[in-house]
Every structure is written in C-alpha cells, then in structure tokens.
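Engineer: Okay, here's the structure, questions in a sec.
Every number in this text was worked out from the coordinates using simple rules, so none of it is lab data. Here the structure is a predicted model, which means the values were calculated and not measured. FYI the Cβ positions are ideal-geometry reconstructions off the backbone, even for glycines, and counts take in every protein chain you see.
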Amino acid sequence: MLKEIAESVGATEPALRLLVSLLIGYPIAVIHRYTLYGKSPTLQHLYFLSCGVAIGYFNYGFDVLHSISTVVIMYLTLLAIGGTLLSVYASFLFNMGYLLFGYYFTGTENYDIKWSMPQCVLALRLIGLTFDIYDGRKNAELSREQKNTALSKIPSFLEVAAHTYFPASFLVGPQFPMRRYQDLVAGNLRDKVRE
C-alpha cells in the first residue's frame, strides 16, 4: 500500500516510510505523556525501546540488527573499559568503522534511505555517551556543558538501548545527551533549570 501511495505522490517508498516514521513520533509522545510520564523508569525505557525498534524494523526490516549489534557491542565495551580514554578511542574507531563499512556496502550513485542513515545518528550518540562517561570519571576541571552531561556511572543496558532508540530521534536526530534522557524519564526535564 505504501508503494502505491509513494508512486502517486512522486516519492520513493523508503522516503514515505521515513516520513510516516517521523510523524508517528507525535502520537508516541502523546501516549507517553498521558500514560507513562512520571511512572516507573523501567516501563518508560521499555516503551521507548519497543517503539524505536518497531520504527527501525518498519523502515529497514532485519537490517535493524546492525544498530542492535552496535548497541550491544558498545555496551559491553563500556562495561569492560568505560570511563577511560581507551574507551573513547575504541568507541570512535568502532562506530566510525562500522558506519564507513555500512556506507561502503550500501552506497550507490543515488541518495538512498538505508540502515546506514540512522547508523550515523547512532554512531554520534554512542560516541557522545562514551565521552560523557569519561567526563564523569575525570578529576580535572570540566566545562559547564561537560558538568551538565557527565555521567558518574555507566547506565543500565535498558537505559542505553531506550536512549538509542528514542522514537523522536532514532532515525534522523537530533542528538541529545543521556543525562537529558534521564531527566525526561525521571519526570523533571520541564522543571529542571540547567546552568
């Protein structure tokens, strides 16, 4: 059905899927706000994770496994060496390497909407998470922005996955730090004044 609609408006099916996915973020946000906001963080994480993975599957089918495997590998890396400069280097090399691998194997002469597009967003998000954990363990003076985003401990796997697949930003961004996501889930994003 989407293919017929896309052809009738002069768009490609992947472009229409992407548009539908971006628009579906609004009802997902409304449902969250009126049913889950201020409730159990675990329920909110599961809600965001399941909605985000479903959106990823809707757009890319089983190619969503690329992002899932990236999140798992990076989480294991954070557990093993998180908070160190080595973890920052490893995160950058792994994420950028995987992204370049994706571009190489999916690239054509046209602009294609494939799994490598959200993989770019994911690479930036996971590299940023690694930096925030590193900043949280540094003893040196941090800038005001670093203080606002630094993480003193590694978040749970469920938290990292839910932040990664947050439906409003999983496919095309924008980027936001884990601390901002934690503030949303804790119910104090609107009330918290950042310095």
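Engineer: Taking the chain as a Gaussian network, Cα atoms linked when under 10 Å apart, which of V20, V185, V53 shows the biggest mean-square fluctuation?
Structural biologist: Between V20, V185, V53, it is V20 that shows the largest mean-square fluctuation.
Engineer: Moving on to the next point. For the chain, take the longest principal axis of its alpha carbons; what is the angle in degrees between that and the long axis of helix 116-137, to the nearest 10 within 0 to 90?
Structural biologist: Orientation of helix 116-137: about 10 degrees from the principal axis.
Engineer: Which order, highest average first, do 117-124, 90-97 follow once you tally other Cβ atoms within 10 Å for each residue and take the mean per peptide? Mind showing how you got there, number by number?
Structural biologist: Values: 117-124: 21.1, 90-97: 16.9.
Descending packing order for the listed peptides: 117-124, 90-97.
Engineer: Let a ≥ b ≥ c be the square roots of the eigenvalues of the Cα gyration tensor of the range 22-135; is it rounded (a/c under 1.5), or, if not, prolate (a/b larger than b/c) or oblate?
Structural biologist: On the way: a/c = 2.44, a/b = 1.15, b/c = 2.12.
Oblate shape, in that a/c is at least 1.5 and b/c is the bigger or equal ratio.
Engineer: Less than 15 Å apart at the alpha-carbon level, and either on another chain or at least 8 residues along: which aspartates and glutamates does that give for K153?
Structural biologist: By straight Cα distance, K153 reaches D132, D135.
Engineer: Roughly how many nanometres apart are two label points built 7 Å out from the Cα toward the Cβ at L65 and F157?
Structural biologist: 1.7
Engineer: How much length is gained if the chain between S50 and Y104 is pulled fully straight, taking 0.36 nm per residue apart and subtracting their Cα-Cα distance, in nm to one decimal? Before the final figure, lay out the partial values.
Structural biologist: Numbers: separation 54, 0.36 × 54 = 19.44 nm, distance 2.91 nm.
Gain in length upon complete extension: 16.5 nm.
Engineer: So which trypsin sites (Lys or Arg not before Pro) in the range 86-189 end up in coil per DSSP with only 14 or fewer other C-beta atoms within 10 Å? Working shown, then result.
Structural biologist: On the way: sites: K114, R125, R137, K138, R144, K147, K153, R179, R180; in loops: K114, K138, K153.
Sites meeting the loop and neighbour criteria: K138, K153.
Engineer: Given [x] 12.4; [y] 16.6; [z] 15.0, which label gives mean projected area of the Cα convex hull in nm² as computed from the coordinates?
Structural biologist: Among [x] 12.4; [y] 16.6; [z] 15.0, the one derived from this structure is [x].
Engineer: I need the chymotrypsin sites (Phe, Trp or Tyr not before Pro) found in the range 95-195, filtered to DSSP loop residues with at most 13 other beta carbons within 10 Å of theirs.
Structural biologist: On the way: sites: Y98, F101, Y103, Y104, F105, Y111, W115, F131, Y134, F157, Y165, F170, Y181; in loops: Y111, W115, Y165, F170.
Qualifying residues, ordered by number: Y111.
Engineer: Within a 10 angstrom radius of the beta carbon, how do D112, D135, D183 rank from fewest other beta carbons to most? Intermediate values should be presented prior to the final figure.
Structural biologist: Values: D112 13, D135 20, D183 17.
Ordered by Cβ neighbours within 10 Å, fewest first: D112, D183, D135.
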